[in-house]
1. Being surrounded by 15 or more Cβ atoms within 10 Å (Cβ to Cβ), within 30 Å of A:E59 (Cβ to Cβ) and more than 14 Å from DNA strand C (Cβ to nearest atom) is true for just one of A:P168, A:P147, A:P151, A:P156. Which residue is that?
2. Does A:R104 count as over 18 Å from the mean Cα position of the chain (by Cα) and of a type in the set (D, E, K, R)?
3. Take the residues of segment A:204-221 that are among the small types (G, A, S) and touching a helix residue (DSSP H, G or I) at 6+ places or on another chain (Cβ under 6 Å): which is nearest to DNA strand B (Cβ to nearest atom)?
4. For segment A:176-212, which positions are aliphatic (A, V, I, L, M) and outside any helix (DSSP H, G or I)?
5. Would you say A:A129 is in contact (Cβ under 8 Å) with a residue 40 or more places away in the chain, exposed (fewer than 14 other Cβ atoms within 10 Å of the Cβ) and out of contact with any helix residue (DSSP H, G or I) (no Cβ under 6 Å at 6 or more places or on another chain)?
6. Of the residues A:D66, A:D72, which single one is of a type in the set (D, E) and surrounded by 14 or more Cβ atoms within 10 Å (Cβ to Cβ)?
7. Only one of (1) closer than 25 Å to A:G230 by Cβ; (2) touching a residue at least 40 places away in the same chain (Cβ under 8 Å) is not met by A:S202, so which one is it?
8. If we scan segment A:176-185, do we find a residue that is over 19 Å from A:Q277 (Cβ atoms), aromatic (F, W, Y) and surrounded by fewer than 18 Cβ atoms within 10 Å (Cβ to Cβ)?
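The values are calculated or read from the model by the stated rules, or taken from the named source; none is laboratory data. None of these values were measured; they are calculated from a predicted model. Virtual Cβ from ideal backbone geometry, glycine too; neighbours counted across all protein chains shown.
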Amino acid sequence: MPPHSAASAISFSIRDYDLAATLGCGQAFRWRKRDGVWEGVIGARWVRLRQDGKYLHAETAVPTSDWSWLRDYLQLDVDIAAVLATFPDDAPMRAAVQSCRGLRLLRQPLWECLAGFISSSNKQIVQIAQINHALAERLGERVPVLPGASPAFVFPSAAHIVDAGVAPLRDCKLGYRAPYLLQSARMVAGGEVDLAAIKTMSYAVARAELMRLPGVGPKVADCVLLFGYGFPEAFPVDVWVMRALRELYFPRRKPTAQRLSRFARKHFGPHAGYAQQYLFHYMRTR
DNA sequence: TACCAGGAGAGCG
DNA sequence: CGCTCTCATGGT
């Protein structure tokens, strides 16, 4: 047996999956790309991903036989053609879909997703990534990686962030978001808000429950509902999507974000969240 | 409803 | 180098 036999590898055959767009489009903040190879941590597992045409190659540093955690995170079993078929057949939507055929939504761990988007407000994606890497490096526990790979860390739990206090969060450049993250961590760690229980709630109730957390408004709540919980109707309205919707659908009016959100869930159908991600990516890359 | 604080780095000319 | 903008929220 080779010396590194503890590692595992697997290949998935996939269609209409653009790994780079999916990992790099701003729905997750802790992936690092080196020479077309992506390294990241999902839960407590370090993983290296590479796409080669219709194959997706994955490597872990520890023995792995059950890969369902990765299939779930990457949402490999989603029938994307069926999702696209539910989109409205209008010019903006066609252009958005055509600009990135294999863009997917991830299904991220709840707390990391929530914390990531609390830290995201009024920041650029590059900066959000810096903040979340800093949080993991300073407050998260180290996980085993393959030889030669960069050190990797678990995202710190809510309880761990509570123990750390506000100062390390300031050091991670959270700025005015630091007390929001700390207080939200207190509410989650103390059981005042039960993230797992939100899975079983309706979209509207789940959204209201998340918005009890400081630093969580309509936009952040929708991001967590979409990228963490997988509510397909969640439609985050950020500046890019706001711009897109106003420009493409309301050129003469200036609807509020709330009105746009309601319009979007009706107009874009049962998978409005996917439509949002295509519009977002289209607006940012054109 | 409309504005503003708070915060720091990237991107631009 | 100065300037603007940034996947918003909370408070007034």
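1. Residue meeting the stated conditions: A:P156.
2. In short, no.
3. If we take residues in segment A:204-221 being among the small types (G, A, S) and touching a helix residue (DSSP H, G or I) at 6+ places or on another chain (Cβ under 6 Å), then A:G215 is nearest to DNA strand B (Cβ to nearest atom).
4. A:V193, A:L195, A:A196, A:M201, A:M211
5. no
6. A:D72
7. It is condition (2) that A:S202 fails.
8. For segment A:176-185, residues over 19 Å from A:Q277 (Cβ atoms), aromatic (F, W, Y) and surrounded by fewer than 18 Cβ atoms within 10 Å (Cβ to Cβ): present.
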